[in-house]
Amino acid sequence: MSIDTIDSSRTQRTLTGTAQLLLALHLDGPLFIALCMVGAVGSIVLFSASGSSLDMLEAQLMRFALGLIAMIMLAQVPPRIIRNAAPVAWVLGLLLLLAVMFQGDIAMGAQRWLDLGFVRFQPSEIMKLAVPLACAWFLHERPLPPSFTSLLVLALGIGIPTLIIAEQPDLGTSLLVAAGGGMVVLLAGLQFKYILSVVGLLVPVAIGSWHFLLHDYQKQRVLTFLDPQSDPLGSGYHIIQSQIAIGSGGVFGKGYLNGSQAQLEFLPERSTDFIFAVVGEEWGLIGLVTIILLFMFVIGRALYLAATAHDTFSRLASGSLALTFCVYVFVNTGMVTGLLPVVGVPLPFVSYGGTAMVTLMAGFGILMSLCAKRKLVSR
Amino acid sequence: MARAVRIKDHHAESQLFEQRAIIAAVLMVIAMGLVISRLVWLQVVKYDYFADLSQGNRIRIEPIPPNRGLILDRNGVPLATNAPSYQLELTKEQVQDIDATLNGIAEVGLIDKDNIPTIKRDLRGRRSFDAVPIKLQLTEVEVARFAARRHQFPGVEIRPRLTRYYPLAESSVHAIGYVGAISEDDKKRLNIDEYAGTTLTGKNGVEYAYEAQLHGKAGMQQLLVNAQGRSVERIGNEAAKLERKEPVSGNDLFLTIDMRTQQAAEEALRGQRASAVAIDPNNGDVLAFVSTPAFDPNLFARGLTRPEYLALTENPDRPMFDRVIRGVYPPGSTVKPMMALAALDKGVVTPENTVYCRGAYRMPGVSRPWRDWKPGGHGPVDMRKAIATSCDVYFYGIANEMGVDHIHDYLSQFGMGTLTGIDIPGEKIGLLPSTEWKKKAFRRKEAQMWFPGDTISIGIGQGYMNATPLQLAHATATIASRGHRFKPRLVRAIRNVTTGEVSELKPAELPSPHVQDPRAWDIAIGGMYDVANAPYGTARGATANALYKIAGKSGTAQVFTVAANEKMRKAGDLAEHLRDHALFVAFAPVEAPRIAVAIVVENAPGGGSAFAAPIARRILDTYLLTPEQLAEQEAKKKPAPAAAPPPRRGEE
């Protein structure tokens, strides 16, 4: 998982021209290559999961290309500008969230979209990046571990957007936004006594939100998670079918485009949130473990880059982006395999859907700017 | 500054970060390890189990819709039931070409070509293995016609299902409401998981308001299907594992409506645009709830064709319109007993104060007189006689003395100008004006001012004031029970079909109107008793020979304003839609009231006493008397020519 393994590999040496280009573009080679591999695997899986739809594949590849462009462009931005833009992005994101709250379009019963006339997008996506960046900005000049007052400010900075998004209702995104901010605080060296007391607080908060915050369908999901058979037609259906798909895949899988659960449309949302089950059915345990290892490499490499960064802001921000990505992967695979309740979190780079992929790539672009770039400039 | 200023230590921070990053990496490995071990569990350990479920025969889950709860009248007469019927269902994943199939079915004449886009939209939202109904309630001819061509349409099947059936058709449709196909809006409101296999949901009235009680819980059964998705019956080791969860039927509702009374009221109002409500003053039970003309709710359960729908919505008499809770009318003189109570509460008069009525009221400083309905006037009247004769001049006077804001505050204690809170949706609030209201209601400054003249017509229930028939019945019931107020309700009890247990709902008592002296009720009720019984009572004709004692109050609501200098015109001279509305409120028996009614007949051929009062009488008779008593009462009537009471002008 370290940089040396790849640096010394033959691939790297034969691609010196490419490597130089990557360096000139301030991109981290191993991470860039790993991301492209994830994207390629994702597209192959999506083709099967979408019932061999070329249209969907094309759309996904377009988005991946768009994400790559966003990543490369953001990697060129000097870290100082990113740092100074962080609080601005947070305020802007909050204003947009409020705008959505009052006049957003309602799609699929949830109020998440803002129509700007030429494009519709979810402001909550901005918050996935703005919250961790703003938290890192807030902490970068303060002594660490953070003082109690700083923690209170951070709690507001994370809590307000999280609650607004949870009310939209979009539990998955609000979870990721909270995780992004929370990771910054943890990485900043939050004392263990606070960690313990937050865990202690979670119990009453969970009870409170159960009664006042969660929508009925969200409660239903939690209840069904605890006992999928209680509601085999509704939300339990997803869990049961995805476990059948994964389990029947066995070690080697049924073969590409041959998953009967997925191809006969027994598996719901197979091209979006439940795409991991398609991999499991068609490629078996081997395929799934390969994908998980690929993801773990991306996360590990990103964490390593974060640890080598030279200033507090870069470390905290990129560390949080790396760990948020980990949360993505864990929550999605956990829910598809029945370890976690069903919350709407896609599998990054594999699930069909646009905004999340572009946001993720943008996040990696920022990470590369903060880490890869400094190495070059300072030496 | 007692505390030391903490200084940023970059080296220590970098170390701290590294330490945290390592912890995070370890946690990540643990989390992913958890996922992988879960995968091993699913894909290696339980492989055989899941492979069984998935390979060869697959298990499909089919929803079993629950039986919708019945709706019964207070004595158990069924008003809404479930009847077996055949419907055409299409399963998407079994149909090769949906367009061709639908067009083919349209050519056979089973569905309308114009409906195909709607059906396709509905199909899009369903899971590919759901059997989606595309035509409900097939006739026997249609069933036969499809059966003959069934081989042409794989994936389309006829299935027996239960649909909603209203055996009494139009009767009490506005109270019961109806069911119709689940719409996009319904899907947002309902938990659609519970509606798998269900096509209909409550759209209005009790069917809508008590949807959660009526619907029940969907059940499911697992079916073995082959690779094409067809269900196969197989006896094997897997068949034993097939699960079946029985649906839970919805609960039955006992309404408060008394069907005998309801139908008598419907009969009496037939042919009119009118409404009648009867309430039990002791608990708020709605005994009759009639709005005419009505419509057949069975049409909605079956699915209306476009012409049928247009015929309903474009009918000028508006059969879909629920006049009982949504019709607002000037209450006219029916508010006079409440006005009397309001005046006594404020202390502007005593019951004994006598006013000499000369047929017109003049306000100091205003030349225009307010006329009484009776040109010559009523002579000396005290409060009780003022109610009995419906003397306008008396009420003009006390309204002027009370002021509109006291009237507003007092009458709202009877539920005027507020929602009564009946347990079905859509109730209108009516209008109980006040100075505050006028300020808000008008844009122009000049119009916002409340003039003393505005108050005077409020005294006889005219002017800005209006109310729903339900509000009038509710207020009358409140007077009948001397201030005991109950939220009107249509559902009396709920029966759990599984256990057979009937749980009675408790009446909801509302705050009583304030009275200075309980004897005020005697005056108001006494006045209403005299309306129906005293020689000078306006409605004595309609209450003659009753075996029980009736108290009532008539009212006439102007639709067409008669200019002050114009002579009163006969009702017959006006175009039908400009004729006055006839109102009557009543309760009986006076000593221990069991029923209070309000009748409103739009553009009636006669006034409140002449036209609406006999309808009220018929409702009271039906509810209070047994058939034998009715016959006895009939016999008391003189066999002399049943000369209808001379057409009297109602009170203005």
Legend entry - Scope segment B:376-416; condition surrounded by fewer than 20 Cβ atoms within 10 Å (Cβ to Cβ) and touching a residue at least 40 places away in the same chain (Cβ under 8 Å); matching residues: B:Glu401, B:Gly403, B:His406
Inset, instruction - Could you tell me whether any residue of segment B:47-63 is touching a Pro at 6+ places or on another chain (Cβ under 8 Å) and modelled with pLDDT under 85? - result: yes
Inset, instruction - Inspect all residues belonging to segment A:195-203 and state whether any of them is closer than 25 Å to A:Phe325 by Cβ, within 13 Å of chain B (Cβ to nearest Cβ) and outside any helix (DSSP H, G or I). - result: no
Inset, instruction - Would you please list the contacts, defined by Cβ atoms under 8 Å and residues six or more apart or on different chains, that run from a residue in segment A:175-197 that is modelled with pLDDT under 85 to a residue that is buried (at least 16 other Cβ atoms within 10 Å of the Cβ) and outside any helix (DSSP H, G or I)? - result: A:Gly189/A:Leu144; A:Gly189/A:Pro145; A:Gly189/A:Pro146; A:Leu190/A:Pro145; A:Leu190/A:Pro146; A:Gln191/A:Pro145
Inset, instruction - With the condition kept exactly as written, say whether any residue in segment A:139-149 is touching a Cys at 6+ places or on another chain (Cβ under 8 Å) and either buried (at least 19 other Cβ atoms within 10 Å of the Cβ) or among the aliphatic types (A, V, I, L, M) (or both). - result: no
Legend entry - Close pairs (7 angstrom Cβ cut-off, 6 or more residues apart or separate chains): closer than 26 Å to B:Arg371 by Cα in segment B:441-453, outside any helix (DSSP H, G or I) anywhere: B:Gln448/B:Phe442; B:Pro452/B:Met363; B:Gly453/B:Met363; B:Gly453/B:Val366
Legend entry - Filtered residues of segment B:6-48 (kept if more than 7 Å from chain A (Cβ to nearest Cβ) and farther than 30 Å from A:Gln243 by Cβ): B:Asp9, B:His10, B:His11, B:Ala12, B:Ser14, B:Gln15, B:Gln19, B:Ile22, B:Ile23
Inset, instruction - Say whether the condition of being crowded, with 21+ Cβ neighbours inside 10 Å, away from chain A (no Cβ under 12 Å) and assigned to a strand (DSSP E or B) is met by at least one residue in segment B:58-69. - result: no
Inset, instruction - Could you grab me the full set of residues in segment A:106-133 that are loosely packed, with under 12 Cβ neighbours inside 10 Å and either away from every other protein chain (no Cβ under 14 Å) or at pLDDT 80 or above (or both)? - result: A:Leu116, A:Gly117, A:Phe118, A:Val119
Legend entry - Filter pass, B:Ile105 being in the same structural domain as B:Glu170 (by TED's automatic domain parsing), more than 28 Å from the chain's Cα centre (by Cα), part of a loop (DSSP other than H, G, I, E, B) and among the aliphatic types (A, V, I, L, M): no
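Against the condition surrounded by 14 or more Cβ atoms within 10 Å (Cβ to Cβ) and over 30 Å from B:Gly426 (Cβ atoms), how does B:Asp522 come out, does it pass?
yes
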Legend entry - A:Ala136 vs. criteria small (Gly, Ala, Ser), modelled with pLDDT of 90 or more and either within 24 Å of A:Ala309 (Cα to Cα) or not assigned by TED's automatic domain parsing to the domain that holds A:Gly93 (or both): yes
Legend entry - Enumeration of residues in segment B:81-98 that are touching a residue at least 60 places away in the same chain (Cβ under 8 Å) and more than 17 Å from B:Ile158 (Cα to Cα): B:Thr81, B:Asn82
Legend entry - Single residue of A:Leu66, A:Leu92 found to be in a helix (DSSP H, G or I), surrounded by fewer than 16 Cβ atoms within 10 Å (Cβ to Cβ) and at pLDDT 90 or above: A:Leu92
Inset, instruction - Could you tell me whether B:Ile550 is surrounded by 17 or more Cβ atoms within 10 Å (Cβ to Cβ), aliphatic (A, V, I, L, M), out of contact with any helix residue (DSSP H, G or I) (no Cβ under 6 Å at 6 or more places or on another chain) and within 28 Å of B:Gly430 (Cβ to Cβ)? - result: no
Legend entry - Members of segment A:180-194 found to be away from every other protein chain (no Cβ under 14 Å) and over 21 Å from A:Gly157 (Cβ atoms), listed by number: A:Lys193
Inset, instruction - Go through segment B:413-437 and count every residue that is farther than 21 Å from B:Gly332 by Cβ and assigned to a helix (DSSP H, G or I). - result: 2
Legend entry - Residue ranges of helices (runs of 4 or more DSSP H) in segment B:267-349 with at least 3 members within 14 Å of the chain's Cα centre (by Cα): B:323-326
Legend entry - Unique match (being surrounded by fewer than 18 Cβ atoms within 10 Å (Cβ to Cβ), within 14 Å of another protein chain (Cβ to nearest Cβ) and farther than 30 Å from B:Arg260 by Cα) among B:Arg145, B:Arg149, B:Arg124: B:Arg124
Inset, instruction - Considering each of A:Gln243, A:Gln220, A:Gln263 in turn, give the residue that is at pLDDT below 80 and either under 30 Å from B:Arg20 (Cβ atoms) or at the interface with another protein chain (Cβ under 8 Å from one of its Cβ atoms) (or both). - result: A:Gln220
Inset, instruction - Taking B:Asp530 as the residue in question, decide whether it is of a type in the set (Asp, Glu) and closer than 30 Å to B:Ala635 by Cα. - result: yes
Legend entry - Test result for A:Leu305, closer than 20 Å to A:Val185 by Cα, surrounded by 24 or more Cβ atoms within 10 Å (Cβ to Cβ), within 23 Å of the chain's Cα centre (by Cα) and within 7 Å of chain B (Cβ to nearest Cβ): no
Inset, instruction - Report yes if some residue within segment B:627-635 is in contact with a Pro (Cβ under 9 Å, 6 or more places away or on another chain), modelled with pLDDT under 85 and more than 20 Å from B:Ile479 (Cβ to Cβ); otherwise report no. - result: no
Inset, instruction - All but one of (1) within 23 Å of A:Ile239 (Cα to Cα); (2) more than 39 Å from the chain's Cα centre (by Cα); (3) at pLDDT below 90 hold for B:Gln94, so report the exception by its number. - result: (1)
Legend entry - Pair list, Cβ under 6 Å, 6 or more apart: segment A:50-66 residue in contact (Cβ under 8 Å) with a residue 24 or more places away in the chain, other residue part of a helix (DSSP H, G or I) and among the small types (Gly, Ala, Ser): A:Gln60/A:Ser43; A:Arg63/A:Gly354; A:Phe64/A:Gly39
Legend entry - The lone exception for A:Gly300 - which of (1) modelled with pLDDT of 90 or more; (2) touching a Phe, Trp or Tyr at 6+ places or on another chain (Cβ under 8 Å); (3) farther than 23 Å from A:Ala86 by Cβ it fails: (2)
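The values are calculated or read from the model by the stated rules, or taken from the named source; none is laboratory data. It should be emphasised that the depicted structure is a prediction, and the values quoted were computed from it without experimental measurement. A quick note on method: Cβ atoms are made from the backbone with ideal geometry, for glycine too, and the neighbour counts reach across all protein chains shown.
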